[in-house]
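J.: Shown below is the structure under consideration.
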Amino acid sequence: MNQTWWKESVVYQIYPRSFKDSNGDGIGDLRGIIQKLDYLQALGIDVVWLSPVYKSPNDDNGYDISDYRDIMDEFGTLADWEELLAGMHQRGIRLVMDLVVNHTSDEHPWFIESRKSKDNPYRDYYIWRPPRDGHEPNNWLSHFSGSAWQYDEATGEYFLHLFSKKQADLNWENPGVRAEVYDLMRWWLDKGIDGFRMDVINMISKTPGLPDAPVISPGDRYQYGGKYFLNGPRQLEFLQEMKVNVLSHYDLLTVGETPGVTPQDAIAYTHPETGALSMVFQFEHMHLDADRDESSRRSIKRWRLHDLKAVMTRWQKELENQGWNSIYLTNHDQPRAVSRFGNDDVYRVESAKLLATFTHLLQGTPYVYQGEEIGMTNVAFPSIADYQDIESVNIYWELVREKGMDPGAALALVHAKGRDNARTPMQWDAGSQAGFTTGEPWIKVNPNYPAINVEQALADPNSIFHYYRRLIQLRRQHSIMVYGVYDLILPDHDEIYAFTRTLEDERLLVILNFSSNTPVFSLPAGLDCPGADLLIGNYETDPSDDLHQLRLRPWEARVYRCKS
């Protein structure tokens, strides 16, 4: 097994707008993060992934960049950022920046030039097309609802935007665009950062001709065109060129956000010899609670443990020795893990610890999203007016106005799936605005902050926070947690997810009760765990417990080390 620091790391994602406000304007900022570096060090994480802090008009909370080499005014200055980087490195924490290069803001100087005329030198930096029969060039649907094309009166053509109309897609077919991207990557790397999380990086290569998307939703004017912009024909070529020009010259963690990838795609991206990236984010498990033909944010159904086992096991086994997994259950684009995959009511603490055990015991690099380590939950704001996320608001009105959905049902969908669930302010204490700001926060605080906050978690030795600390410490002490081979056991059990990790003559047995019931675990025939020693668990246990007849408590997690 090829050993590297990024396989052995635990990554913590910071969404800066919601992490900590230092100046009372209600918006989290870089100096707020600097104030909390000791907290991150106490948690024990190795790497911070910082969501975008670049100059941006904030149509999509910083994922619409107008200047790649400067900091958003609300977040601070480049000097603040340099102080942040130095403070992290002093504490042994690496910094991964967000690289958003499928698109730029329509306020980026390149785009401002591009829209001036058809013969402008920057015109070909973006994807422009003439109207087709007086309408859009094709039928593609934007991820944020409506057409993926925006008409521009000045030149009488449309430009492509797979996301917001203020996020114009770059034309990666243009070598000049690629050279600009490599240059800005080197600029940040030379400042000392330790890698990139690459936003929707598998959308940069589009199918030539940009054909119409197949009709999946009859009656809808626009259709999802992922077939023609996910993992496109030049995708691997572009990433290999990036590797040759930039990535191979630095010791980096690189993780690609890659919707719609298969394990075979992921191997092509991350193979230790031939791949360009360290790892990718796949999204199969993020669709387990959605209807098959709908986006995960437009529908909801109960997810099944059998399906979670199948997805995670396939990714564990197919990437074994051929690539590397990133392991996560939530991020800035997803609902809170304990509300989605756990029980955020009676068994919030137990299920949050179980989910932490799950993510840290799979093979791959675990990602912890801010607040996950204290068991922060989804929020159910009473009105769509309380929501800030452009995608959630657009989907709500699309469902209500165009699909005729009952407003209460549409709001319930936003409550369950909306991205603002992950974006409510970090809950630091039980004081005003959860200690996030002395002003009015940019988005409301989750009302449960008096009971769920960092101050309370730090004071309680049995808290979710301290459980995360132990897991992270154990992962550092036991290389089997990083490099051990994963094998599923009890594949057909409805409530228990159990697996082993094996490294040479060492074995771990992981037992997870994904239910509020009390099922009995029994070691399957042919599997033994001699001298079973409890490595970690989320309940008090009796050392004499029999692994051949073990009644599990609700959301109980146990990890045993088997003695050879």
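J.: Determine, for each peptide in 333-344, 3-14, the mean count of other beta carbons within 10 angstrom over its residues, then list the peptides with the highest first.
T.: 333-344, 3-14
J.: Putting +1 on Lys and Arg Cβ atoms and -1 on Asp and Glu Cβ atoms, find which of GLY435, TYR151, TRP315 reaches farthest to the positive end of the dipole of the chain.
T.: Final value for the positive-end residue is TRP315.
J.: Going Cα to Cα from LYS227, which aspartates and glutamates come in below 13 Å? Please leave out same-chain ones fewer than 8 positions away.
T.: In chain and number order, the partners are ASP212.
J.: Hey, can you grab everything whose amide H is under 5 Å from the amide H of ILE489? Only 5+ residues off in sequence or another chain; H modelled, so Pro and N-termini drop out.
T.: Hits under the 5 Å cutoff: ALA498, PHE499, THR500.
J.: Per residue, how big is the convex hull of the range 109-168 when only Cα atoms are used? Give it in Å³.
T.: 72 Å³
J.: Then there's this: Given an 8 Å cut-off on Cα distances and at least 6 residues of separation, report the relative contact order of the range 109-168 as a percent.
T.: This gives 29 percent for the range 109-168.
J.: With a/c under 1.5 counting as rounded, go ahead and sort the range 365-522 into rounded, prolate or oblate using the C-alpha gyration tensor (a ≥ b ≥ c being the square roots of the eigenvalues; past the cut-off, prolate if a/b is larger than b/c, else oblate).
T.: oblate
J.: So how tilted is helix 407-417 from the main axis of the chain? Cα-based, degrees 0 to 90, rounded to 10.
T.: So the inclination is approximately 60 degrees.
J.: Counting only DSSP beta bridges with both residues in the chain, what percent are antiparallel, rounded to the nearest 5?
T.: Given both bridge residues lie in the chain, the antiparallel proportion sits at roughly 60 percent.
J.: Over the range 484-562, calculate the relative contact order: mean separation of alpha carbon pairs under 8 Å at least 6 apart, over the residue count, as a percent.
T.: The value is 34 percent.
J.: Also, quick follow-up: Could you check the simple spin-label distance between GLN35 and GLU402, using points 7 Å along Cα→Cβ, in nm with one decimal?
T.: Each label point lies 7 Å from its Cα, and together they span 4.2 nm.
J.: Helix 464-477 versus the longest principal axis of the chain: what is the Cα-based angle in degrees, 0 to 90, to the nearest 10?
T.: 80 degrees
J.: Would you mind classifying the range 276-348 by shape? Square roots of the alpha carbon gyration tensor eigenvalues, ordered a ≥ b ≥ c; an a/c under 1.5 is rounded, otherwise it is prolate if a/b is larger than b/c and oblate if not.
T.: prolate
J.: Let me ask another. Among the listed pairs LYS7/LYS166; LYS36/LYS444; LYS206/LYS317; LYS166/LYS444, give every one whose C-alpha distance is greater than 27 Å.
T.: In this structure, LYS7/LYS166; LYS206/LYS317 exceed 27 Å between Cα atoms.
Each reported figure results from applying straightforward, stated rules to the coordinates on display, with no laboratory input. Only a predicted model underlies this, so the values are computations on that prediction, with no experimental measurement involved. Please note: Cβ atoms are built from the backbone with ideal geometry, for glycine as well, and neighbour counts cover all protein chains shown.
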